[in-house]
Amino acid sequence: MSKIIGIDLGTTNSCVGIMEDGRLLIIPNDEGFRTTPSVVAFTKEGSILVGNAAKRQQIMNPENTVFSIKRFMGRKYTDKEVANDIKLIPYKLQPADNGDVRVEVLGRIYSPPEISAMVLMKLKKDSENYLHEPVEKAVITVPAYFNDSQRQATKDAGKIAGLEVVRIINEPTAAALSSDFDSKNKMKIVIYDLGGGTFDVSILKLGKGIFEVMSTSGDTHLGGDDFDQAIIDYLIDDFYKQEHIDLRNDRVALQRLKDAAEKAKINLSTLDSVEITLQFIAVGKDGPKHLQTILTRDQLEHITKDIAERTAGPCEKALDAANLKPSEIDEVVLVGGQTKMPLVRNVVQRIFRKEPYLGLNPDEAVAAGAAKQASVLKGDIRDILLLDVTAFSLGLKTEGGIFSKIIDKNSSIPTRKSDMYTNTIDNQSFVRIEVYQGEKPMAADNKMIGTFDLMGIPPGKAGTAKISVMFDIDANGIIKVSAKDEATGKEQAIKITPDSGLSGSEVDKMKKDIGEEFSKKMSANEKLKAPQDYREEKSKGAEGLPGELDSRKKASIFDIFKKKER
Ligand code: ADP
Ligand code: MG
């Protein structure tokens, strides 16, 4: 059986692991680094750069350098989160026909899964170079709160990159899985994950090989970038005091400050003070100016204390949701690069009244767990079972717009549940099934994740049809919904009309196009093999059924149906 790699596809950095002969290996990239920036750049000369090379040229090419693409995976352009994020990025976004987010670079439109696929293609290629054999399969991690469309988009990215995504697992579950905690003993752990731009905290119950997510919370706009920004502001103010020059309006100066700030911050995790020097940062009346200053760890802690403290709220929420007190937590595990900062560790210790567990590498734990899960799926590790829970309730819109729940929030997955529904109008020949996720009593206040129509219901009075609707959530957290007309006894052919995401044929086309674009545009020394060099397309996406009506037309006639009393 071919090898399966584990991939932490991070907002800021990605990391790849594999289990070989029972030992975990983090696969370094071609440049020799164990993590790869999740950054893709399109140069004016027509090449594509991924990882460190892309990050290095970001200063000079900001509008064609795409970073943090994970924020837009499986999202609508009109989502509140997207509206906020647009302000923070220098590259262009626009809505697709179905409302999904698209990125525009150098006149070409890309979906977020295509950009992610480029990161994955580099990780795949570098892994192949390191392992000296083709890599075709991967376990990829996602945040625990990722919804169905975000998970689907991640799977699509894998497919476009020529990787079969054998399983999607939650990042905190992966981190827990990578720990050497004896999984035979029952324990409750916190995974505190502070990355580049996001903070996630999860509480897990471990025991007898089962890893169950009890609760999750976080802040999607809190991470290492905020610490960098605090340093940048400090440096700008300091420079202004000395030179009376404001660097805030100088884009190149800002990028140089960002680099210097991040480096200083990282060094101050181990050193007591660092010197920051930026030659020719500005030009004054009397000639060029240099920024030169000393930053101590004490000063850094003083200016970033409030940022670290902002993680406390979500931690308390996660404890409340799991109905636990800090004293009931056995270990607090640190994940994410920013947790290497001593100040963050102190804040964690204060929140949970316990010294954090330092046995995992915060940069690599998630990829390590994904690699371990890959090994479980290959059958090399047998005594571990992963049990995740759903982050939202799932159900249907019924008569009067009422949300009828079928699967409750925090149900263990995989799970399958069905319920019975009926028609609201005499001789209704079909029902429109609208699937929602959320906790509000009215469907419209929740998020619609898909619709489909069940056709060919035999004529009858309102309330006579018996339609059983089945929800099926697989181990990846991906949802399938099917409906069956009990009267005819036959399960009807139904099709989920994707209200977002890419269709199977779009993914296939992107796989071909991106593969070709990549092999053409990767700069000479970084040439990528197109995915089809290694692997033939196996799975085919579902196509539309012939003869189906335009669902928008039908929706205006019979769009609701009430739950059948039993
Ligand atoms: P993500 O999960 O968003 O991909 P990471 O877990 O890779 O992100 O974390 C990236 C963040 O960690 C960056 O802000 C980076 O500056 C920060 N970081 C990395 N190493 C250190 C360190 N030694 N000390 C403090 N911060 C660090
Ligand atoms: Mg991460």
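Couple of notes before you dig in:
- Residue (of Gln242, Phe227, Ser269) at the positive-pole extreme of region 224-302, dipole from beta-carbon charges: Gln242
- FRET efficiency estimate (nearest 0.05) - Cβ-Cβ, Glu81 to Glu243, R0 22 angstrom: 0.05
- Efficiency of FRET between Lys409 and Ser468 - r from beta-carbon atoms, R0 25 angstrom, step 0.05: 0.65
- Sparsely packed loop sites in region 36-143 (the GluC sites (Glu not before Pro) outside DSSP H, G, I, E and B with at most 15 other Cβ atoms within 10 Å) comprise Glu45.
- 3J(HN,Hα) couplings calculated from phi for region 166-174 with the Karplus curve 6.51 cos²θ - 1.76 cosθ + 1.60 (θ = phi - 60°) are, in sequence order, 6, 6, 9, 10, 6, 4, x, 5, 4 Hz; Gly and Pro show x.
- Karplus 3J(HN,Hα) series, Hz, for region 127-132 with 6.51 cos²θ - 1.76 cosθ + 1.60 (x for Gly, Pro): 5, 5, 4, 6, 8, 6
- Sparsely packed trypsin sites (Lys or Arg not before Pro) within region 1-94, loop by DSSP, other Cβ within 10 Å at most 10: Lys44, Lys87
- Between Glu516 and Met442, the contour length at 0.36 nm per residue exceeds the Cα-Cα span by 22.0 nm.
- Carbon plus sulfur fraction of accessible area for region 1-110, probe 1.4 Å, in percent: 52 percent
- Taking max minus min of the alpha-carbon positions on each principal axis, region 224-302 gives extents of 38, 20, 18 Å, largest first.
- The long axis of helix 297-309 is offset from the longest Cα principal axis of the chain by roughly 20 degrees.
- Solvent-accessible area per residue, Å², over the chain with all protein chains present [probe radius 1.4 Å]: 45 Å²
- Chain lengthening between Ala487 and Asp286 when straightened (0.36 nm per residue, less Cα-Cα): 63.5 nm
- Rounded to whole numbers, the Karplus 3J(HN,Hα) couplings from phi for region 190-207 are 10, 9, 9, 10, 10, x, x, x, 9, 10, 10, 10, 9, 10, 10, 10, 10, x Hz, using 6.51 cos²θ - 1.76 cosθ + 1.60 with θ = phi - 60°, and x at Gly and Pro.
- Here region 211-269 exposes an accessible surface that is 46 percent carbon and sulfur, computed with a 1.4 Å probe and the other protein chains kept in place.
- For Val332, the residues 5 or more places off, or on other chains, whose built amide H falls under 5 Å of its own are Val190, Tyr357.
- Under 5 Å, built H, 5+ apart or other chain: amide partners of Ile406: Leu394, Gly395, Leu396
- Residues whose placed amide H lies under 5 Å from that of Lys92, excluding near-sequence neighbours: Glu104
- Distance between modelled label sites at Leu358 and Asp306, nm, 7 Å Cα→Cβ extension: 3.0 nm
- Rg followed by Dmax, in Å, when the chain is reduced to its Cα trace: 25.4, 90
- Region 1-133, Rg to Rh (Cα coordinates; Rh as Kirkwood inverse mean 1/r): 1.01
- Basic side chains Lys and Arg get +1 at the Cβ, acidic Asp and Glu get -1 at the Cβ, and with that the dipole of region 224-302 about its Cα centre reaches some 300 debye.
- Unit Cα scatterers, Debye sum, region 242-285: log10 I(q)/I(0) for q = 0.18, 0.21, 0.23, 0.32 Å⁻¹: -0.61, -0.76, -0.85, -1.16
- When the inverse distances between all different Cα atoms of region 29-81 are averaged and flipped, the Kirkwood radius reads 12.3 angstrom.
- Under 18 Å from the Lys92 label point (7 Å along Cα→beta-carbon), backbone N, region 114-151: 115
- Kirkwood-based Rg to Rh ratio, region 297-390, C-alpha trace: 1.05
- Helix-derived mean residue ellipticity, 222 nm - over the chain, DSSP H n ≥ 4, -39500 (n - 2.57), to 500: -9000 deg cm²/dmol
The values are calculated or read from the model by the stated rules, or taken from the named source; none is laboratory data. Please read these numbers as outputs of a predicted model, since none were measured by experiment. Every residue, glycine as well, gets a Cβ built from its backbone with ideal geometry; the counts of neighbours run over all protein chains shown. Accessible surface is based on the protein model in full, side chains and every heavy atom, while ligands, DNA and RNA are left aside. Shrake-Rupley method; radii C 1.70, N 1.55, O 1.52, S 1.80 Å.
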